[in-house]
1. Taking the residues in region 85-133 that are of a type in the set (Asp, Glu) and in a strand (DSSP E or B) as candidates, determine which candidate is farthest from the chain's Cα centre (by Cα).
2. Any idea how many residues of region 114-146 are out of contact with any strand residue (DSSP E or B) (no Cβ under 9 Å at 6 or more places or on another chain) and β-branched (Val, Ile, Thr)?
3. So which pairs qualify, if the first residue must be in region 48-60 and in the same structural domain as ILE115 (by TED's automatic domain parsing), the second must be surrounded by fewer than 16 Cβ atoms within 10 Å (Cβ to Cβ) and acidic (Asp, Glu), the Cβ gap must be under 9 Å, and the two must be at least 6 apart or on different chains?
4. Suppose we keep only residues that are surrounded by fewer than 20 Cβ atoms within 10 Å (Cβ to Cβ) and in contact (Cβ under 8 Å) with a residue 24 or more places away in the chain within region 112-121. Which one would you say is farthest from ASN54 (Cα to Cα)?
5. Contact list please: Cβ distance under 6 Å, first residue in region 14-42 and surrounded by 13 or more Cβ atoms within 10 Å (Cβ to Cβ), second residue assigned to a helix (DSSP H, G or I) and at pLDDT 80 or above, pairs at least six apart or on different chains.
6. Could you grab the pairs with beta carbons closer than 6 Å, sequence gap of 6+ or different chains, first residue in region 130-141 and more than 11 Å from SER40 (Cα to Cα), second one exposed (fewer than 14 other Cβ atoms within 10 Å of the Cβ) and of a type in the set (A, V, I, L, M, F, W, C)?
7. Tell me, yes or no, whether region 85-95 has at least one residue that is of a type in the set (S, T, N, Q), modelled with pLDDT of 95 or more and either buried (at least 18 other Cβ atoms within 10 Å of the Cβ) or in the same structural domain as PRO50 (by TED's automatic domain parsing) (or both).
Amino acid sequence: MGKPLNMNPEDYVRSVLEAQQKQIEELQAQLAGQSDITLSYTFSANTAEPPGSNQVRINGATLAATTKIWADRLTTDGIDATNAILTFHPGDRAYVQDKNDASCFARYDLTAAPIAKSGYLELPVVLFEAGVALNGGQPAILALLHRE
């Protein structure tokens, strides 16, 4: 989003901050009801931690070999997802999918609570179901689903 030519810098910064605050409030409203969440990231094929800026990664060379998902605390939308991710528990489900190709996905069950690390989060997981392998550098979603 570029600054409109007729807007002074202070108003522009204020409008950007208000938009980000609205996104944060929407995410907090989802959390208040213990809702499922969907977060936007870029998928990285690198299997080492930590994830790069706005990235989600898995530690397995294959989807089936994965035991950890790493997500940067900041999504591609600029939302700090730390508190949202930390509301999930063992048995809840994590879903990673290429945004543009629904055949590239993996569903995992959380085996332990997510762990806040320095600038990112670690989700211990076990594979539930997988499609085609995800491609690095592609827009992706990380969806977290509360299971009763």
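1. GLU129
2. 0
3. Pairs found: ASN54/ASP77; ARG57/GLU49; ASN59/GLU49.
4. Among residues in region 112-121 that are surrounded by fewer than 20 Cβ atoms within 10 Å (Cβ to Cβ) and in contact (Cβ under 8 Å) with a residue 24 or more places away in the chain, the one farthest from ASN54 (Cα to Cα) is ALA113.
5. LEU27/ALA84; LEU31/ALA84; ILE37/ALA84
6. From residues that are more than 11 Å from SER40 (Cα to Cα), the pairs are GLY136/ALA45.
7. no
Table: residues versus (1) of a type outside the set (S, T, N, Q); (2) in contact with an Asp or Glu (Cβ under 6 Å, 6 or more places away or on another chain).
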residue: ASN59; (1), (2): no, no
residue: THR62; (1), (2): no, no
residue: ARG73; (1), (2): yes, yes
residue: THR82; (1), (2): no, no
residue: PRO90; (1), (2): yes, no
residue: ASP98; (1), (2): yes, no
residue: ALA113; (1), (2): yes, no
residue: VAL126; (1), (2): yes, yes
residue: PRO139; (1), (2): yes, no
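The values are calculated or read from the model by the stated rules, or taken from the named source; none is laboratory data. These numbers were taken from a predicted model, which means no experiment stands behind them. Because the Cβ atoms are built from the backbone with ideal geometry, glycine has one as well, and the counts that use them run over all protein chains shown.
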